[in-house]
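**Student:** Pasting in a structure now, in structure tokens, and then I'll have a few things to ask.
The values are calculated or read from the model by the stated rules, or taken from the named source; none is laboratory data. Predicted model, so just to flag it, every value in this text is computed and none were measured. Neighbour counts are summed over all protein chains in view; Cβ atoms, including those assigned to glycine, are modelled from backbone coordinates with ideal geometry.
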Amino acid sequence: MEEKDQKVRKDYIEGAKKSLSKIIEEIFIRLSSAMKVAQIYEPNNLTFIRQINLLFNLIQNILKKEGKAVFQFRENTLFFNTARVKFDFSSYHNFKFLADEFRKKEIETLGFQPGLSEGELTQFVILFIDEGVIKENPFEDFEAELKEREIGHIFLEKMRPLEMTGGVQEEQFQESAIKVFFKSITHLKEVVQREKQKKRVQLKTTRRLMQSIINLVSQNESFMIGLTNIKNYDEYTLNHSTNVTVLSICFGRRLGLERKELVDLGVSAFFHDIGKIEIPEKILNKPGKLDDNEFDIIKTHPWHGAQKLACLKELSILPVTAINVAMEHHIWANLEGGGYPKYWKKDHTDFFSKIVTICDFFDAVTTARIYRKKTATREKATSWMLEKIGTEFDAVLLKVFANMIGIYPIGSLVVLDAKEWGIVIEINPDIALMTCPKVKIIADKDGNKMD
């Protein structure tokens, strides 16, 4: 009876946590919606009033349950009352929208206190989207406006200097990101050498590198995706595996995976092609088309990879998913038609395998090979993949991936409506705004260079 009571109590606590988490996410979505609606409609519009009313009721609910409602942005991560808030891909664009808006105003913390009125909330939202409020000092000017309007039950805290990306901090971030990227390639090279020599593979180092990549992706996903444009013709497999790892972690984060899951996904992606150690280099690097016998040998690498990973001495710290991914990353999502190995019979493939399959194909077709000098653009690659949706690739996952990559990839040279020239520096996370990336102007319509 006591065990049953403990189970009931545990289920109740878990249910309460899930309920609270859902309310917190809903508040954030409603806050984002209210601000977007306020940019279009007047304060007396019924659509705006309804959004404010829904948001107000949600905040009141939280205040009754928790006694406070404090949101914090730190390193591109949202915390509520010090607990991290996770988002799935459907609400990620709301998070990105608010994160950018808070950064513009140098706000790290937004808090709602008991006694908050609907009128205060309405004024706050209207002021927040009013660009005329900000003059010289973003945070100070906005906070002064709140005090002048006597909005006393909403408080703000300024972003710490280290959180204000740009200038020296941005340069330091980019240096760190590039260093970790190439350190990952070097580590994989060492893994391959040690495996060939039958020496112990340093999996703890691998996991630490995954932690570093996750931290960097959390700070600037767009820059990390941009790093996967780096292609090494001579060491394709090493560079490719690192690119697939970065893309998979970015992808997994968009899907709302927990940090431990992201580490496991990263490790799985990192070793997905480890079986190619057993494939003769003359086949891997053959300049012409492979014959049937050679292609049959290539198709053994998933099995070799799974076998090698299963035999590692440090197997206890290797996620089981890594073995699945090594075996399954060339199997079609619908388990029919093409793909290999043919003898792999399951009623489904691992979730991580579906993620890595997408990232693996994308990086492969956008990279030049000795047997294929011409590469597909990112736009063309995405288009090809969308043609295979629901067969070779999981339909839901591929749509999320296409949104993450964007129609205009980072580094694309674009001509704007005003005939100015620019370079895409950030992808718009909002599906409805995929055609509107963040662009840095580099030249005016006459071709004159701009700083």
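**Student:** List every residue pair whose Cβ atoms lie under 8 Å apart, where the two residues are 6 or more positions apart in sequence or sit on different chains, the first residue falls within the range 142-161 and is surrounded by 14 or more Cβ atoms within 10 Å (Cβ to Cβ), and the second residue, located anywhere, is aromatic (Phe, Trp, Tyr) and modelled with pLDDT under 90.
**Tutor:** Pairs that qualify, where the first residue is surrounded by 14 or more Cβ atoms within 10 Å (Cβ to Cβ) and the partner is aromatic (Phe, Trp, Tyr) and modelled with pLDDT under 90, are Phe142/Phe128; Leu156/Phe139; Leu156/Phe142; Lys158/Phe139; Met159/Phe73; Met159/Phe102; Met159/Phe139.
Condition check ((1) surrounded by fewer than 18 Cβ atoms within 10 Å (Cβ to Cβ); (2) touching a residue at least 12 places away in the same chain (Cβ under 8 Å); (3) in a helix (DSSP H, G or I); (4) not assigned by TED's automatic domain parsing to the domain that holds Ala269) across all residues:
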site	(1), (2), (3), (4)
Glu190	yes, yes, yes, no
Met210	no, yes, yes, no
Phe223	no, yes, yes, no
Asn229	yes, yes, no, no
Asn232	yes, yes, no, no
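**Student:** Oh, and also: Go through the range 266-293 and give me each residue that's in a loop (DSSP other than H, G, I, E, B) and either outside the structural domain of Lys204 (by TED's automatic domain parsing) or farther than 20 Å from Gln197 by Cα (or both).
**Tutor:** The answer is Asn285, Lys286, Pro287, Gly288, Lys289, Leu290, Asp291.
**Student:** Residues of the range 391-408 being outside any helix (DSSP H, G or I) and at pLDDT 85 or above, which ones?
**Tutor:** Thr391, Glu392, Phe393, Asp394
**Student:** Please specify each residue of the range 294-339 satisfying the condition of being within 28 Å of the chain's Cα centre (by Cα), buried (at least 17 other Cβ atoms within 10 Å of the Cβ), in a loop (DSSP other than H, G, I, E, B) and at pLDDT below 90.
**Tutor:** Passing the criteria: Trp332, Ala333.
**Student:** If a residue must be within 24 Å of Arg253 (Cβ to Cβ) and either over 21 Å from the mean Cα position of the chain (by Cα) or at pLDDT below 90 (or both), how many such residues does the range 343-364 contain?
**Tutor:** 2
**Student:** Filter the range 102-112 for residues that are on the phi < 0 side of the Ramachandran plot and either surrounded by 15 or more Cβ atoms within 10 Å (Cβ to Cβ) or not assigned by TED's automatic domain parsing to the domain that holds Leu78 (or both) and give the result.
**Tutor:** Phe102, Arg103, Lys105, Ile107, Glu108, Thr109, Leu110, Gly111, Phe112 - these are the residues of the range 102-112 that are on the phi < 0 side of the Ramachandran plot and either surrounded by 15 or more Cβ atoms within 10 Å (Cβ to Cβ) or not assigned by TED's automatic domain parsing to the domain that holds Leu78 (or both).
**Student:** Hey, another quick one. Please go through the range 237-260 and give me each residue that is out of contact with any helix residue (DSSP H, G or I) (no Cβ under 8 Å at 6 or more places or on another chain) and not in a loop (DSSP other than H, G, I, E, B), ordered by number.
**Tutor:** Lys260
**Student:** Then there is this: Can you name the condition, by its number, that Gly256 falls short on among (1) within 23 Å of Lys399 (Cα to Cα); (2) buried (at least 18 other Cβ atoms within 10 Å of the Cβ); (3) in contact (Cβ under 8 Å) with a residue 12 or more places away in the chain?
**Tutor:** (2)
**Student:** Can you tell me which condition Arg372 does not meet? The list is (1) modelled with pLDDT under 75; (2) basic (Lys, Arg); (3) more than 22 Å from His329 (Cβ to Cβ), and all the others hold.
**Tutor:** (3)
**Student:** If you take the residues of the range 283-338 that are among the β-branched types (Val, Ile, Thr) and free of Cβ contacts under 8 Å to residues at least 40 places away in the same chain, which of them is nearest to Cys359 (Cα to Cα)?
**Tutor:** Filtering first and then ranking leaves Ile331.
**Student:** Being in the same structural domain as Val201 (by TED's automatic domain parsing) and closer than 29 Å to Gln219 by Cβ is true for just one of Val325, Val320. Which residue is that?
**Tutor:** Checking each option against the conditions leaves just Val325.
**Student:** Just give me the residues in the range 409-433 being crowded, with 18+ Cβ neighbours inside 10 Å, aliphatic (A, V, I, L, M) and modelled with pLDDT of 70 or more, in sequence order.
**Tutor:** Once the filter is applied, which keeps residues that are crowded, with 18+ Cβ neighbours inside 10 Å, aliphatic (A, V, I, L, M) and modelled with pLDDT of 70 or more, the range 409-433 yields only Val424.
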